[in-house]
1. Below 11 angstrom from the Cβ of residue 726, what's the summed charge of the other residues (Lys, Arg +1; Asp, Glu -1)?
2. Give me the net charge of residue 431's neighbourhood, meaning all other residues with Cβ under 14 Å from the Cβ of residue 431; Lys, Arg count +1, Asp, Glu -1.
3. Relative contact order for segment 713-758: what is it in percent, counting Cα pairs under 8 Å that are at least 6 residues apart?
4. Using Cα pairs closer than 8 Å and at least 6 residues apart in sequence, work out the relative contact order for segment 390-489, in percent.
5. Which number gives the lysine pairs in segment 669-761 that have C-alpha atoms under 25 Å apart and are eight or more places apart or on different chains?
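Every number in this text was worked out from the coordinates using simple rules, so none of it is lab data. What you are looking at is a predicted structure, and each value in this text was computed from that prediction instead of being measured. Quick reminder, even Gly has a Cβ in these numbers, built from the backbone with ideal geometry, and neighbours come from all protein chains shown.
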Amino acid sequence: MSRSRKTIMLWMLLSVLAAVCAHPAQSRELLRDGGFELGIVDVDILRYPRYGATAASLPVTPPFRDATNPISGRYSLRLPGLPTGGYHLDYPALALKRGETYQLSLDARVARDRARLKIEVFNGWTKVAVRTAKLEKGLQHLRLTFTARGAKGLNEDDAVLFSRIWVSGPADVWLDNVSLSGPAGDAASMGPARIWLAPDRGLAIYPVGVEGHFVLDAADACAGCSTHYAITDPITSRTIRTGTFSPRENDGAWTARVPLDVSKRGFYWVTAYVQDQQHRRLETVRRSYVVINRSDPPGANESRFGMCVEEHGPITQIDALVSPADYYGLLRDIGVGSVRVFSLLMPDIVSTDGAHFDFSQADAAISLMRAYGLEPMIELGSNQLYRLPAWLRTAEPGSATIDLRKGMSVRKQREKLERRFKNEYYLMLDKYRDYLHAVFSHFRGRVRYYEVWNEPGHKFDAKDFIRIAAATREVSEAVDPDAVLIGYSSTRKGQVGAGREPDAVPRFSEEMQRLGGLRYIDILSYHSEHAYPFMHGVIGLHDYETGYVGRLRKILARDSRQTMPIWDTERGMPWVSPHAERIHYMAGAPHWKYQRPSEEVLDVARQLPMIYAAAVSSGVDRLFWFNFNSPVGSIFNVSRRNVLFDAQREPMPQIPVYDAMTEVLRRAAFQKLIESEDGGRAYVFKKEAGLVVLAYNWKNKTNTLRISGLVESNMSVLDVMGNLVGKKSGLATTSIAVDVDKWPRYILVPTAKKVQVTLESR
C-alpha cells in the first residue's frame with residue numbers, strides 16, 4: 001500500500017474515532033467482572049511481572065471493582081500494590097494525532113506510601129513515557145497534559161500512535177472518573193458501570209454437569225427500566241434461555257441470578273441489556289462462558305498437545321485477572337501435557353552480573369506446572385539478541401566470541417542491537433557456558449526439555465550457532481546427562497513471521513545438517529506459524545503442511561537420524577474476537593477496514609482438529625499451540641494474546657474444542673488419510689480396539705462418509721465440541737452413512753475388524 005493511501009486511511013480512522021469519542025453510542029459492552037469501563041469499552045489490565053521473588057506472591061490478588069473504598073459512584077478500580085513491577089491499563093488504545101496535546105483526568109486514592117502513574121504513547125512494540133506523576137497517600141485529583149510525540153522507532157509519518165496508563169508501587173491504588181480529552185474536544189470517560197455480569201467461577205469456565213450462574217447487577221439503572229437477558233449458543237444459533245426482571249418483580253433489587261446451562265460441552269454467550277419505558281436499550285453487556293468435560297486429564301507423557309506461554313517479557317504482558325494457578329489448571333483440564341515457556345530463563349532476567357543467578361520466577365512457574373502434571377520445556381538464551389546483558393558481551397572480537405551482527409537479518413532487531421550495544425557486539429562463549437552451567441545445575445531433575453535458543457535462523461550465522469549448540473551439549477552432558485535438547489526452531493529470514501516464503505524456512509535446518517549441527521540435538525523442532533502463508537491470511541484450508549515435515553525427514557535421512565522425533569513448537573493460525581463489533585468500538589472505524597476470517601473466531605474452532613490431524617499425519621510427534629494475535633492486537637500491533645482468550649480475556653470457543661480434541665484423539669495412532677475431489681477429508685486413527693475417524697470438507701461442501709463391514713457394532717457421532725449428535729448401528733452386511741460438511745465430526749467405531757472407510761462426493 002502506498003504511503004499516501006496509508007495516510008488517507010489513517011485520517012479516515014482518526015476522523016471516525018473523534019466522532020465516536022465525542023458522541024459515544026448508547027449501547028455499550030462491558031465484557032468481564034474485574035474490568036474497568038473506559039467510556040465505550042473496558043480496560044485490559046496487565047500485570048508485569050507475573051511471578052514475584054517469593055512464594056508468598058502466589059496466588060496474586062487481581063485488580064477488581066471495589067465498593068469498600070469508592071472514590072465516587074458505586075465502584076472504583078482497585079489495583080493491589082506490587083513490590084516490583086506494576087499494571088498496564090492497556091485498551092482501549094485510543095488513536096492519537098501526532099503533535100497534538102491531550103489531557104488525562106482521573107481521581108486516585110493511595111492506601112499508604114507512594115505510587116507512580118505514567119502515561120505512555122506507543123506504536124507497535126515501541127513506547128515512550130510522555131508524562132509521569134507521583135501519587136501521594138490519600139485522595140488526589142490529577143489533570144495531566146501531554147503531547148503525542150514520537151521517539152526512535154515512532155517517527156513514521158503514516159504510523160498511528162496510541163496511549164495507555166502504567167501504575168506501579170507497593171501501595172494499593174484506587175482509580176475512578178478517568179477521562180481523556182483531545183484537541184477537538186473529544187472525551188472518553190471511565191466511570192462506574194451501571195450494568196454488570198459476573199460469573200460465579202473463575203475464567204467463566206464450567207465442568208459439564210456443575211450448576212453455574214452469572215450475577216446480573218444493573219446498579220440502579222433508571223426509574224421504570226427493566227433488565228433483559230438471554231443465553232445463546234452462537235455455533236448452532238440456538239437460544240437456550242431468556243429472562244426479564246425489574247425492581248418491582250425483584251423485591252426492589254437490581255441484582256438477579258442468571259442460571260447457566262452446563263449440560264453439555266460448548267461455547268455460550270450471556271447477553272443482558274437495560275430498557276427504558278420507551279423500549280430503548282440504554283446499556284448492553286455480554287459475557288462468554290464455556291463448558292468443558294474434565295474427564296481424566298492426561299499426564300504429560302500421554303499427550304501430544306502442548307501450549308506456548310510467554311511468562312515474562314516485553315512481547316506478552318500477563319493479564320492481571322488470570323492467576324497462574326487458574327491458567328495451568330485450565331491447561332491440565334483440557335488435556336494439555338506440555339508447556340513451552342519463553343522468557344523466564346533469559347540471561348538478563350536471571351542475573352545482573354553473570355556471577356549470581358536468581359531463578360525464583362522460573363522456580364515458581366515450574367513448580368506450578370509440575371503440580372498440575374504439566375511437563376515444562378524451557379527456552380535457553382534470549383528471544384531478542386538486543387536484550388543480552390552486558391556481562392555476556394564484549395567489544396573485543398576473538399576466537400572465544402561470536403559477532404552478534406553477522407547473522408542478524410531482521411532489520412529492526414539489528415537496529416535495536418546496534419543502538420543499545422554501541423560497540424559491544426560480541427557474545428562471550430565462556431560467560432554463556434557459565435549461564436548454561438547455572439541453569440542445568442539448578443533445574444536438574446525438574447526440567448527435562450530445553451530448546452536451544454528461539455528461532456536462531458534470522459539471528460545467527462549458522463557456523464557461529466553451531467558453536468553455541470556445541471557448548472550447550474557439552475555443558476548439559478557434564479551437568480545433567482538426562483537433559484533433552486531441542487532445535488533448531490527457525491523462521492524465514494528478513495521479516496519475522498511474514499510466512500510468505502515456505503521454501504526459505506527449511507534452509508536453516510538443511511544448513512545445520514550440512515555443517516554437522518544436528519548431532520547436538522535430540523529432537524528436531526520447527527515453527528509452522530512462520531512456515532505457511534495461510535497463517536497470516538484467509539486462504540484455503542487444503543494444505544496445512546506444504547511438504548515441510550517431509551523435507552525435514554529427508555534431512556534426517558541424510559544425517560542417519562531417521563528416528564529423531566519432530567516437534568512443531570509454534571503452531572498458529574489467523575483468528576479474531578467473537579465480538580466482531582468490538583473492532584468498531586476499539587478502533588473507531590468501520591468493520592470493513594480490517595481483513596478478518598469471514599466466520600470470525602468460530603472458524604478457528606473449526607480449524608483446530610483439521611490442523612492437528614494434518615500435522616500428525618505428516619509425522620509430527622508433538623504440537624505446541626502458539627499465542628495467537630488478537631483482532632485488536634493485529635490492528636494496533638500492541639500485544640500477543642493467548643489461544644484460549646480473546647483480546648479482553650473472554651473465554652473462546654477453542655477451549656471446548658481443544659478439550660474434545662485431546663480427549664477423543666489422545667492415545668490414538670494415525671493410520672491413513674482419505675480424500676475426495678471436492679474437498680472432503682477423513683483422517684483414520686486407531687484407538688484401542690476400534691477406530692476414530694475425523695472427517696470434514698475444507699471447501700464447505702457436503703460429503704457422505706461410509707463405514708462398512710461393521711460386525712454388530714454401535715457407532716457414535718460427535719460434533720466438534722465432542723457432544724454426541726447421533727448413534728448408528730450396523731451388521732456385517734450393511735454400511736452406515738454419515739453426512740460430513742465444513743464442521744469436523746468424530747466418528748467412533750468400537751471395532752476395527754474388517755471395517756472399511758470411504759468418502760463419497762454428493
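1. +1
2. -3
3. After rounding, I find 45 percent.
4. 34
5. 29
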